[in-house]
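Asker: Mind looking over this structure? Questions follow.
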Amino acid sequence: MRNTARWAATLGLTATAVCGPLSGAALAEPAAVPSGLYAPSALVLTLGHGESAATATPERAVTLTCAPTPSGTHPAASPACAELRSAGGDFDALGAGSDAVCTREYAPVVVTVDGVWRGKRVSYERTFSNECVKNSYGTVFAF
């Protein structure tokens, strides 16, 4: 009889733990859904000094979310998202500014981008010859 009571108590507690979240607040109205459909765009950008991401230690990292609205820890999220949209999400299409004047100093800086752009997985790495050259490629890499 004792085992049956222990088994019944265990079953009752398990049922409460599993079914409990299905009552009350969980059955309330669903969360507000955005009025328009959009594919998610959320990226993590890192920066390190070195030849490649495999050998460089990340020194800075920022987040950039472009959909539904520009946000994140990127210092210029709105312009960066606008640049990415105009480039169709192609990081290689982001070009150096014509008015950028940089030295020919070689102090390699590597930038990585990982995340999702308009619903598609993105993984990108680029090495710039120095910090000035990196910043000349627009707002996306200027962090």
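Asker: Does residue 116 meet the test of being of a type in the set (A, V, I, L, M, F, W, C) and open to solvent by less than 30 Å² (accessible area, probe 1.4 Å)?
Answerer: For residue 116, the condition - of a type in the set (A, V, I, L, M, F, W, C) and open to solvent by less than 30 Å² (accessible area, probe 1.4 Å) - is not met.
Asker: Which residue pairs have Cβ atoms closer than 8 Å, lie 6 or more positions apart in sequence or on different chains, and pair a first residue in segment 66-85 that is farther than 15 Å from residue 39 by Cβ with a second residue that is crowded, with 20+ Cβ neighbours inside 10 Å and among the charged types (D, E, K, R)?
Answerer: Correct list of pairs: empty, since none qualify.
Asker: Scan the strands (runs of 3 or more DSSP E) fully inside segment 55-143 and keep the ones with 3 or more residues being farther than 22 Å from residue 40 by Cβ and out of contact with any helix residue (DSSP H, G or I) (no Cβ under 8 Å at 6 or more places or on another chain).
Answerer: 58-67
Asker: From the list 59, 29, exactly one residue is of a type outside the set (A, V, I, L, M, F, W, C), modelled with pLDDT of 65 or more and out of contact with any Cys (no Cβ under 7 Å at 6 or more places or on another chain). Which is it?
Answerer: 59
Asker: What's the total number of residues in segment 93-122 that are touching a strand residue (DSSP E or B) at 6+ places or on another chain (Cβ under 8 Å) and closer than 23 Å to residue 59 by Cβ?
Answerer: 10
Asker: So is residue 125 within 19 Å of residue 58 (Cα to Cα), in contact with a strand residue (DSSP E or B) (Cβ under 9 Å, 6 or more places away or on another chain) and surrounded by fewer than 16 Cβ atoms within 10 Å (Cβ to Cβ) or not?
Answerer: yes
Asker: Quick check on segment 76-93: of everything there that is under 14 Å from the mean Cα position of the chain (by Cα) and on the phi < 0 side of the Ramachandran plot, which residue is most open to solvent (accessible area, probe 1.4 Å)?
Answerer: The extreme case among them is 77.
The values are calculated or read from the model by the stated rules, or taken from the named source; none is laboratory data. These numbers were taken from a predicted model, which means no experiment stands behind them. Quick reminder, even Gly has a Cβ in these numbers, built from the backbone with ideal geometry, and neighbours come from all protein chains shown. The accessibility values were calculated without ligands, DNA or RNA, using every heavy atom of the protein model including side chains. Shrake-Rupley method; radii C 1.70, N 1.55, O 1.52, S 1.80 Å.
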